[in-house]
1. Mind grabbing the accessible area of M193 for me, 1.4 Å probe, Å², rounded to tens?
2. Quick one: how many Å² of S280 are accessible to a 1.4 Å probe, rounded to 10?
3. To the nearest 500 deg cm²/dmol, what mean residue ellipticity at 222 nm is calculated for the chain from DSSP H runs of n ≥ 4 alone, each contributing -39,500 (n - 2.57), summed and divided by the residues?
4. Over the chain, average the accessible area per residue using a 1.4 Å probe and give it in Å², no decimals.
5. Sorting C173, C317 by accessible area (1.4 Å probe), largest first, what list results?
6. May I ask for the Rg/Rh ratio of the stretch 71-152, computed from Cα atoms with Rh as the Kirkwood radius, given to two decimals?
7. If amide H atoms are built 1.01 Å from N in the plane of the peptide, which residues on other chains or at least 5 residues away come under 5 Å of the amide H of S172?
8. Could you work out the Rg to Rh ratio of the stretch 148-237, with Rh taken as the Kirkwood radius (inverse of the mean 1/r over all Cα pairs)?
Amino acid sequence: QATKSTASFLPLPISPTPTATMASLIRAAASAPRRISATTRREFSALLTPTEEFPGLPSTSPVATSASTASVTTLPNGLTVVSETAASTSTISLTFPNAGSSAETATESGAALANKYMNFKSGSGLSAGVILRNLEDDGATPFANASRTSATIGFTAAKDKALRLIPLLATSCTYEKWDVRDAQKSAKIEADMANSNAQTVLTESVYSAAYGSHSTMGQSLYSTSASGSSIKSFRERTYGLNGAVLAATGVEDHAAFVNAVQEGFSESPVGNGDKAPASSFMGGETRIHAPSSGYAHLALAFEGPASSALAGVVKQCITLSSEDVSGFFDSAGLVGAYGGAVPTSGAAVADALCAAITVAPSADIVERAKTLAKAEALFALDGGSQSLADAMTSSIVESGSFSAAEVATAYDAISAKDVAAAFEAMAKSAPAVAAVGDLSSIPYQGTLAAKFG
């Protein structure tokens, strides 16, 4: 027994013929690649086609793309549904045209911005986590926007996932205290960022000068005084389906999509569709003096034409008139000119802005402006599914219909006479003047208004 135990710990005997063993290993190693190659060599089958053997291959004879076709339907509850067929992804956006800050009452200041962050929050028996997880699981990207005139909520997703997610836009908010608290904090963060940006402050100042700081259009979008009760009252009053626009891209069957919308929004609040009170253009002045900025921003704004196409051409004419001037217009109906300079050149910039408005553009500039404005509008239709959905919504709100051909025709129909009339109307009215920065050499509104009228 002792002999067996000792022998188990002894080293193995050394092979008496090591050279033969090494030679065998070398021969095995040398032959290994050839054996591996032989075993991995693949013979193509003569019995299966490539698509059968490799399912999912792209078609070798792709079908030609077709032009986009738009369809519009207005439901009995007042919701307008517009869809198009050509987009490769689906963006579904729900816009409430009367849910902007201009619809706020005196006790609801800041509610429009706060409600931007109440979207996709708890509602209709679903928590915010469940709503966002469903969107995330289907690869959807949610978005929400708020402005002076409207509010939008929507998502972009693959075409085969969009229909299933529609009910998530129709949830009725339950205003959980933690959701309201988070919305207020998020609104404050956005407001702080906006108020620290000179361009955003100038934009807010333009509206204040144009309509008066105490008017619904002139009051700031970036107010942070919204309470929980004002957030709720504002949403219940303005986020109704009556008058809203649902735009969808990449929808091949409009009728089936409309049926899905009717089912998904069957329990959503309809509302009364009341429009926000209109504000009158005043042509005043707002100045924010900040000497430490070392720069001066100046904008002149006027009441623009009703047609967004004509306003777009006017904007381009202003931009083409001078290298130091940029034109602008917005959906609220303002059109104007912007310029910026170091403080010592403030007066020169003011003169350039006035000249861009009071001097009628030449025929050559008008033609160039029409081309640029038309191209900008058409590029928006091809700038992605969300950009297309925004353009569709804007067209429905303005004219009640949409098609790419209509967009192009609207610009083609603008004549030099139309543009001249728009400039004449601006030259005869007092401008709204907004200035931000070092204003030591920026003339006051009274001085600039003397050059008009």
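The values are calculated or read from the model by the stated rules, or taken from the named source; none is laboratory data. Just so it is clear, the structure is predicted and the values come from calculations on it, not from any experiment. Cβ sites come from the backbone with ideal geometry, for glycine too, and all protein chains shown count toward neighbours. Quick note on the areas: whole protein, heavy atoms, side chains included, nothing else; ligands and nucleic acids left out. Shrake-Rupley method; radii C 1.70, N 1.55, O 1.52, S 1.80 Å.
1. 130
2. Rounded to the nearest 10, that gives 90 Å².
3. Roughly -13500 deg cm²/dmol at 222 nm, from the helical runs in the chain.
4. 52
5. Ranking C173, C317 by accessible area, largest first, yields C173, C317.
6. Taking Rg over the Kirkwood Rh, I get 1.02.
7. For S172, the qualifying residues are S124.
8. Values: Rg = 16.5 Å, Rh = 15.7 Å.
Rg/Rh: 1.05.
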